[in-house]
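The values are calculated or read from the model by the stated rules, or taken from the named source; none is laboratory data. Quick caveat, the model's predicted, so the values are computed rather than measured. Counting neighbours? That spans all protein chains shown, and the Cβs are built from the backbone with ideal geometry, glycine included.
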Amino acid sequence: MHERRYSGEVERLRKPERVELLEVERVIALAMDGIKVQSVLDVGTGSGIFAEAFAKKKISVTGIDPNPDMLKAAKEFTPDGTFHQGTVEKIPFPDETFDLVFLGLILHESDDLIKALSESKRCAKHRVAVLEWPYKQEENGPPLAHRLKAEEIIAYAEKVDLSLMDAVQLNHLELFRFTI
């Protein structure tokens, strides 16, 4: 169980060359495009890279992560954010709590994709955005065996009645935007 979950250090997540691959500003702009976002849940927040960027846009940000060390780091980088221990398969918030539920490079780590997407949909008012590594072997990111094909992500989302708005190919990643 949890063999795909990241267990490395905060410093590695925040290396400038890795952060550059994430296209953080572009990703959050696309995730919020076309909807009014006042609150975001950053699922698998890690060290809070995306939480920090959402907070800089004056959006109320909450993050969850199973790793207490990551939550501590996220709070240091995003002092105005709220952070809780939790997993994507069991999000500790009521239905429709957040305008946007954002899964940043976390879905491939899930033990149960149906439960992960179902829980994300349950907590979202308007949109679920899923950022993932493309399904190809690369130097950066997880091994190919841990990556998800775009068709898989879309098929699992359809099983929980998430509607694909679009899939955006970024320079190094893919962003899937689903409406509720």
Checklist outcome for this item: residue 42 fails exactly one of (1) over 16 Å from the mean Cα position of the chain (by Cα); (2) closer than 17 Å to residue 129 by Cα, namely (1)
Checklist entry - Across segment 1-37, what is the total count of residues that are at pLDDT 95 or above and either under 25 Å from residue 115 (Cβ atoms) or touching a Phe, Trp or Tyr at 6+ places or on another chain (Cβ under 9 Å) (or both)? => result 8
Checklist outcome for this item: Across segment 55-67, the tally of residues that are under 21 Å from residue 12 (Cα atoms) and part of a helix (DSSP H, G or I) stands at 0
Checklist entry - Which of (1) of a type outside the set (A, V, I, L, M, F, W, C); (2) surrounded by fewer than 24 Cβ atoms within 10 Å (Cβ to Cβ); (3) touching a residue at least 60 places away in the same chain (Cβ under 8 Å); (4) outside any strand (DSSP E or B) is the odd one out, the single condition residue 120 does not satisfy? => result (2)
Next on the checklist: Here are the criteria: (1) surrounded by fewer than 19 Cβ atoms within 10 Å (Cβ to Cβ); (2) in contact with a Cys (Cβ under 7 Å, 6 or more places away or on another chain). Tell me which single one residue 89 does not satisfy.
Outcome noted: (2)
Checklist entry - Can you spot a residue in segment 129-147 that is part of a helix (DSSP H, G or I), out of contact with any helix residue (DSSP H, G or I) (no Cβ under 7 Å at 6 or more places or on another chain) and more than 19 Å from residue 42 (Cα to Cα)? => result yes
Next on the checklist: What are the pairs with Cβ atoms under 9 angstrom where one residue, in segment 17-29, is surrounded by 13 or more Cβ atoms within 10 Å (Cβ to Cβ) and the other, located anywhere, is aromatic (Phe, Trp, Tyr) and assigned to a helix (DSSP H, G or I)? Sequence gap at least six, or different chains.
Outcome noted: 22/50; 24/50; 27/50; 28/50; 28/54
Checklist outcome for this item: Subset of segment 148-163, residues closer than 20 Å to residue 40 by Cβ and loosely packed, with under 15 Cβ neighbours inside 10 Å, comes to 163
